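Peer 1: Take a look at the following structure, please.
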Amino acid sequence: MSVGESAQTAGGPADRGRMDKRRAIEEAALRVFAQVGYAQASLDVIAAEAGVSKPTIYNHLGSKENLFRHVMTETAARSNAKTLEVLTAFPNDPQELRPGLEGVARKLVDCYCDEQSESVRRLLYAEAVRFPDLYDAVRASGPNQFTEALAGRLARLANAGHLRIEDPVRAANQFIALVYEDLPGMSALGTRPLDPAEVAKVVAAGVDTFLRAFGPDASTGDAPAGAAPAPGPQTSGPGVSG
C-alpha cells in the first residue's frame, strides 16, 4: 500500500463511520443516564437508543461503568471548552465594564444552562457517593479551570485600577454565583425552560451587585442603584458548563 493510500484509509469513510457511531453511543448514553440514573440504566436500552448492538458498545467503550465515566468526562470537557471561549469577550475598557461583564455573564449562563451541561451536573451530584473520584476529576478539569481563568481576567482589571479586588479567585466564585445560582431553582435543575426575560434580570442584578462590591468606587458607596451587598465566600462554580 502506498503512502497516499494509507493516508486516505486513515481518514476514510470507515474511520468517520466509527467516530459517528461512537458519538451516537455517547449521546444516547447521556440521555439514558440522565433520564433514569446510573443504577437503572442498562446497556441494552442505551444500545437501542443509539441504534447499535450491545456488543458494539463493548467494542467501543467497554462496561457500563467505563461508558459512564467516559461520557461524563468527555461531555464535561466539551462544555468546559465552550465556557472558556466566553472569556475571549471579557472587557478591558473601563468604559465598557458593565455591558462587557453583562455580555460575559449572559454567555456563561447560556453555557451552564445547556441541556447536556445540566444533565452532567445533575448526574455528577447524584452519583458523587458512588463515583467520588469522578466528581473530583470533572470539577478539576472543568469549573475549577474556568474559575481560575476568570480570576486572572479580574486580577488584570484590578491591577489597572478598574476593580477593587483582594482575592481574585473568591471574586470569580462570587461573580459566577451572582449571575447563575438563582437559575437552577428557577429551572428545577434544568428540567424546565427558563424565561429569557427573567434570566436577563438575574444577570443584570448579579452584575450590579458585583460592581457594587468590587467596582472602583465600592469603598465610597457610589455603586449602581438597587444593588445588594456583596455575598460571603462561595465554593467554586457549578459542576459543569455547556
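Peer 1: Report Rg/Rh for region 129-170, rounded to two decimals, where Rg is the Cα radius of gyration and Rh the Kirkwood radius.
Peer 2: 1.22
Peer 1: Here is a follow-up. Would you mind putting 33-40, 180-187, 146-153 in packing order, based on average other-beta-carbon counts within 10 Å, highest first?
Peer 2: 146-153, 180-187, 33-40
Peer 1: Still on this structure, I have one more. Sticking with the crude label model, points 7 Å out along Cα→Cβ, report the distance from Asp44 to Leu87 in nm, one decimal please.
Peer 2: If labels sit at Asp44 and Leu87, their model points lie 4.7 nm apart.
Peer 1: Students often get this wrong, so check it: of Lys21/Lys107; Lys82/Lys201; Lys82/Lys107, which have C-alpha atoms separated by over 19 Å?
Peer 2: As for pairs spanning more than 19 Å Cα to Cα, those are Lys21/Lys107; Lys82/Lys201.
Peer 1: On to the next question. I'd like the distance between the alpha-carbon centres of region 137-193 and region 42-57, rounded to an integer number of Å.
Peer 2: 38
Peer 1: How big is D for region 101-147, in µm² s⁻¹ as a whole number, if Stokes-Einstein is applied with the Kirkwood radius of its Cα pairs at 25 °C and 0.890 mPa s?
Peer 2: It diffuses with D of about 211 µm²/s by this estimate.
None of the figures in this text is laboratory data; all of them are computed from the coordinates on show. This structure is a prediction, so every number in the text was calculated from the model and none was measured. Counting neighbours? That spans all protein chains shown, and the Cβs are built from the backbone with ideal geometry, glycine included.
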